Every structure is written in structure tokens, then in C-alpha cells.
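Read through the structure below, which is laid out as C-alpha cells, and then see the notes.
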Amino acid sequence: MKTHDSESGGSRLSRIRVVAGSTFLESVRDRTLAVPVLLAGLLIGGAFLSRTLSLGQHGKMLQDFGLAGLCLFSNVLVILAVTTSLSRSVEQGTLLPMLAKPLRRGELLLGQYGGVLGVVLVSALAIMGALCLGLVLVGTPVSGGLLLAAGLTMVEVMVVGALAVFFSAVSSPVLATVFAGFAMLIGHTTADVRELGVHIGGRAARAIGEVLYYALPNLEIFDVRAAAVHRYPISLEYVGFAVLYGVLYATVVLFAASWVFERRDLS
Amino acid sequence: MDVIRTEALCKRYGNLRTCSTALRNLDLEVAEGEIFGYLGPNGAGKTTTLNLLMGLVRPSSGRAWLLGRPVRDPDSRAGVGFMPEHPRFPRHLKCGEILTACGRLSGLGRGESKRQAGYLLEQAGLARVANRRVQQLSKGMLQWLGLAQALMGSPRLLILDEPMSGLDPVGRHRMRDLIVEQRGRGTTVFFSSHILADVEMICDRVGILLEGELGQCGRLDEILDRRSAGTEIRVTGLGGGVVHRIREMGGTTRIFGEETLIEVHGDDCVDGILEQVREAGASLRSLVPRRESLEEYFLRQVAGKTGDDAVPWWDNSRIPERAGSWDGPEESFRETVGAGEFGEGRR
């Protein structure tokens, strides 16, 4: 038999791709995608029902429900898929054969993260496909704003997924799910947390509110759903800023997760 | 070159209050091309050592190198195949997919990875389940899949944690053959095992780990006392009077139908006993000098370390007689099985 191509065990990118591919296959075969297919079916059904129930606003109603469903479902899916694939594999020891290869733990985390994002992306495309089909059926044109709102939702999912990776790297599957769920909920209320600090009064409370405001992810930035549904203009500068914020936040969180995971005993 | 080297390697678990030492100052060197058997009772620190070498756990102190590279460097694992004890894999992946992925992670190209996966599935007897998901495999099949993934990329060093556990006698035989075959290809094999007969059969050198400390380490013929430990003589047609005289000379006798088994410690009285047998007109069936086995040596080492005979924990005679004299679970356990069994090496 031939020996390996290189002593370093292939390129970093190819190793990440291998882990991502395995994670994607494992998640898909775990019937994770059954839920979005069901949700997509419900959306198409809802498109017909809304004709008689929405007093002529069926297009808006369908977009509203569709985008909210996409956001909620994708966030829940990314949390569950990450904690299932990462925390459980740490707990059950299925990572050991992979980690015994010349694979850095950070690469493993990135691969798993990429694989899960792939699953979420496929299911999001299924939902968006169903939503667009529903809109066409009720005679509402698909706007660019709708697609931008869906794209920003995916950036939000990226941030929530990175947080789930971080919590999975430091705790058990159940705790990681709970922590990531909380982070997702709090992420939509960071402005309120800052306000609360001001409302309580005192330097300490204000400082804590301020620190939390900047440390916690501001997921509201990614919410342009209302603007998309009501066809208000969404500036590309805003979208660019939100994407940059999301990518930077996710990168920092993944670096932190990798740093912690490198130092963790796995056996 | 030493393919494995450790210097004062230590691993402690727990915090300051509950600290337990799993491995103490391990200095070990394994040379290229040898089969090294790493032995020790449960909780001695064998798996901890292997996990330290593979970078799965971080040492509390000390250093280790694989193929000349420090183990904290992931590249030290290039050219190393590792099979954990009870290997586990993602449940929904197929055997072929797992091997191909492991090959890619070892640095093989896609085509070569698939080719090696096919060859190793064949070698491991898993070709017919190549497209079956892991969740449908038996324990023995998982063990073979674990070995196959370790062999992906034709490693120069194989580290196997209890490779024979969970295998039937035929599987054990195949595993032994495979390990010897790997040495024939120039691969160094380092494995832990409880099955001493297998270790004795195939290992060039052994190391015995007791309560986290490496006791004896060396070639089997160096560490085993190869002088005759006794002699077994089998004869037929021996009368009662002669049996009595043989016992007086220091031999022990056991009768199995027509045959009498005489066991003699040392060589001194063998000639005298044979003379008695000849004079009695009995027939000599066999005469076998008995040498110390690895198992006997291992048990002697364990007993020496724990300060106790190798008495099983279920020995009723060692249960304290007075009811109500138990001082708590740990104390009573110490009293029952000996303090040595409760060493720091246990986790």
C-alpha cells in the first residue's frame, strides 16, 4: 500500500472539509431534515388557507409567517444539530478516531460547524422554496427584500451556531442546548438589557448593562423581516454592516471555543 | 530511533482536595520495529498513557514524543494509527465512509483513500458490511472497524488499546497474526492488553504498570525467570507405596484414573523420583520442565506491589466476621482487599 501524501496529513482546508462532510451526512441521516420538509408543507398549505382568512392580506401574512418560521426553525435546528453532533460525540467518544489523526481540535470544531450550517442551509432553501411557491400561488411577487431578510436570518443562524459550538465545547449536551437557547433569546433583547442597567441606576448597574450589551450578540441587527414584508427599503450598507458584525462575532466565538476545546481532556 | 519516548510523564485528575494520580513519572522508550506489550491491572493507568500519547488528554507534567515529535504537536500523529478501547463511530455513517474519511484525515488522496478502505475492509472481514451503517454492526465488527481505521494511511506506529477485548478466540488469533504481520512490514506496535498469553506469544518487550508506576520493562527472556520452576512427570501403573515415598521426597501427586501426575518444585529430586518410578515398573508417559509464565510473573508483581496475594475480591473468608465493625465503605474495603488495591492509580 502507498503511504500518506504528506507528513502533515493533508491541507487544513481538506481536513475541515472531510469533517464537515461526515457531519453533514450524519445529521441528514439522523432525520434532522424531516422537520423542515414538514414545515415547508405547512407553509404551502397555509398559502391556500390564508386566501380566505386574511382579508386580502394573504401575501403579507404568508411572508410574515414564512420568515418568522424560517428564523425560529433555523435557530432551533442549528442549536440542536450542533449540540447533538459535537457534545454527544465528545460524550460518546466517537471523536477519538478522528482526533487520533493529524487533525487540530479547532479544525474539528470548524468542520462540525460547517457541516451543521450546511444542513441548516439546505433546509432553509427548502423552506424558502416553499414560501416562494406559496407566494406565486397567491399572486404576490417575490421581492428582493424578502431574499435579503432570509439571507440576514442565515447570518443570525451562523452567530447562534457559533455560540452553540462554544457551549458544546465547554459543557454537556443538555447544558449546551440550554445555554445556546438562552443566548438566542437574550440576543433579541440586548437593547433592553442596556436600558435595564440605566433604569436601575448607579454606576455598577450601568457598567454591567453596558458590558452585557457589547458582549452578548445583538441578534436584532439581523431582523429586517418587517421591512421586507411591508416593502420598506433596506439599504445595502445596513446589510453589509450586519453581515460584517455577524461574521466577526462568529469568528471571535469560534476562536474562543477552539481555545477552550484544545485544553480539554477527552477520553 | 525511539518511536515512542516519554520523560517523567505524569497525569493527575481532580482538584487539590480530590486529586488522584493516574500516572507517575513514566520514562519509556519503544524502539522502531518492535511489538511492545503494555500490561497492568485495571486502573493502573494504561489507557491514560495511551490517551496522553495521542494528545487526547494533557499531561500534568513531563513530556512525550511520537516519531520524534512532541505529542502536543498534532503533526506527531501523522504516521500513527490509534485504536481506542471499545472504538465508537457516528451511528449513521457507513463503514466505507468512515474509513475513507479517516484516510483523508491521514493525508491520503480521495482515490487512494477509497482503495485502502476497500482493501482493509476485506482484510478485517468487513467487506460484506461495507455499506452498512455503524449502528447495525456487532461489537466484534466495531473492534475490527476500529483496527481498520487505525491502519488507514499505512502508519509507521500502531497504538492499540486492548485490541483483543471483545473478540472470540478466532478473532483473537486473527488479531495476533495481524499484529505480527504489521511488524513484518516494519511497523512498530504498542498495545495494552489483559490477555497475557497473547502478549507472551507475540511481544518483543513488555512493560508492567502498577498503580500508575512502570515496574518492570524489558525483553520477556530478560524479565522472566527462565530457570526451571519445577517439573511435571506423568506416569501410569504406579502403586500406592511408591506414591507415598514420592511424597516424602517432596513431590506432590494427583491421580487421574490410570495416570498419576507428579509435580516437583526445583530440579533436585527429579532423578530420585524417576528411579522410584523405574523400580516400581511403572511407565513414564511424559516429563516436562515447567518455566515461569508471564501470567505467573505478572501475578507475582501485582502481589508484590499491593502487599497482598492475588486474592479475588469475592473470597468469603476475607469478609470481617463481626457485624457492625465496618468503619465506612472505604475503610472496610481496605480491610477486605488490602490497602494496595485502593491505590492512587485507581480512578
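The values are calculated or read from the model by the stated rules, or taken from the named source; none is laboratory data. Predicted, not measured: the structure shown is a model, and the values here were computed from it. For neighbour counting, all protein chains shown are included, and Cβ atoms are generated from backbone atoms with ideal geometry for every residue, glycine included. Ligands, DNA and RNA are excluded from the accessible area calculation, which covers all protein heavy atoms including side chains. Shrake-Rupley method; radii C 1.70, N 1.55, O 1.52, S 1.80 Å.
Looking at the stretch B:257-283, which of the residues that are open to solvent by 90 Å² or more (accessible area, probe 1.4 Å) and at pLDDT 85 or above is farthest from the chain's Cα centre (by Cα)?
Among them, the one singled out is B:Glu279.
Cβ-Cβ below 6 Å, separation at least six or inter-chain, first residue in the stretch A:86-109 and facing chain B (nearest Cβ under 10 Å), second open to solvent by 10 Å² or more (accessible area, probe 1.4 Å) and of a type in the set (A, V, I, L, M): which pairs?
A:Glu107/A:Ile16
At pLDDT below 90, in a loop (DSSP other than H, G, I, E, B) and more than 9 Å from every other protein chain (Cβ to nearest Cβ) - does that describe any residue in the stretch A:56-64?
Checked the stretch A:56-64: at least one residue is at pLDDT below 90, in a loop (DSSP other than H, G, I, E, B) and more than 9 Å from every other protein chain (Cβ to nearest Cβ).
In the stretch B:88-109, which residues are surrounded by 24 or more Cβ atoms within 10 Å (Cβ to Cβ) and within 7 Å of chain A (Cβ to nearest Cβ)?
B:Phe89, B:Pro90, B:Ala101, B:Cys102, B:Arg104, B:Leu105, B:Ser106, B:Gly107, B:Leu108 - these are the residues of the stretch B:88-109 that are surrounded by 24 or more Cβ atoms within 10 Å (Cβ to Cβ) and within 7 Å of chain A (Cβ to nearest Cβ).
What are the residues in the stretch B:110-148 that are in contact (Cβ under 8 Å) with a residue 60 or more places away in the chain and at the interface with chain A (Cβ under 8 Å from one of its Cβ atoms), if any?
B:Gly146 - this is the single residue of the stretch B:110-148 that is in contact (Cβ under 8 Å) with a residue 60 or more places away in the chain and at the interface with chain A (Cβ under 8 Å from one of its Cβ atoms).
Only helices (runs of 4 or more DSSP H) wholly contained in the stretch A:160-267 count here; list those with 3 or more residues that are in contact with a Cys (Cβ under 8 Å, 6 or more places away or on another chain) and charged (D, E, K, R).
Filter on the stretch A:160-267 gives an empty set.
Taking the condition under 21 Å from B:Glu29 (Cα atoms), in contact (Cβ under 8 Å) with a residue 24 or more places away in the chain and open to solvent by 30 Å² or more (accessible area, probe 1.4 Å), does B:Val199 pass?
Answer is no for this residue.
Hey, does the stretch A:259-267 have a residue that's in contact (Cβ under 8 Å) with a residue 40 or more places away in the chain, open to solvent by 40 Å² or more (accessible area, probe 1.4 Å), within 20 Å of A:Gly114 (Cβ to Cβ) and in contact with a Lys or Arg (Cβ under 7 Å, 6 or more places away or on another chain)?
Yes, the stretch A:259-267 contains a residue that is in contact (Cβ under 8 Å) with a residue 40 or more places away in the chain, open to solvent by 40 Å² or more (accessible area, probe 1.4 Å), within 20 Å of A:Gly114 (Cβ to Cβ) and in contact with a Lys or Arg (Cβ under 7 Å, 6 or more places away or on another chain).
Mind checking which residues of the stretch A:105-153 are in contact with a Leu (Cβ under 9 Å, 6 or more places away or on another chain), open to solvent by 40 Å² or more (accessible area, probe 1.4 Å) and modelled with pLDDT of 90 or more?
Listed by number, the residues that qualify are A:Leu110, A:Val122, A:Leu148.
Take the stretch B:17-32 and flag every residue that is open to solvent by less than 30 Å² (accessible area, probe 1.4 Å) and touching a Gly at 6+ places or on another chain (Cβ under 8 Å).
B:Ser20, B:Thr21, B:Ala22, B:Leu23, B:Leu26, B:Leu28 - these are the residues of the stretch B:17-32 that are open to solvent by less than 30 Å² (accessible area, probe 1.4 Å) and touching a Gly at 6+ places or on another chain (Cβ under 8 Å).
I'm trying to understand the selection: among the residues of the stretch B:127-166, which are open to solvent by less than 10 Å² (accessible area, probe 1.4 Å), within 13 Å of B:Ile98 (Cα to Cα) and not in a helix (DSSP H, G or I)?
B:Met152
Testing B:His194 on (1) at pLDDT below 90; (2) under 23 Å from B:Thr47 (Cα atoms); (3) open to solvent by less than 10 Å² (accessible area, probe 1.4 Å), one condition comes back false. Which one is that?
Among (1) at pLDDT below 90; (2) under 23 Å from B:Thr47 (Cα atoms); (3) open to solvent by less than 10 Å² (accessible area, probe 1.4 Å), B:His194 violates only (3).
Are any residues in the stretch B:49-66 at the interface with chain A (Cβ under 9 Å from one of its Cβ atoms) and open to solvent by 10 Å² or more (accessible area, probe 1.4 Å), and if so, which ones?
B:Asn51, B:Gly55, B:Arg58
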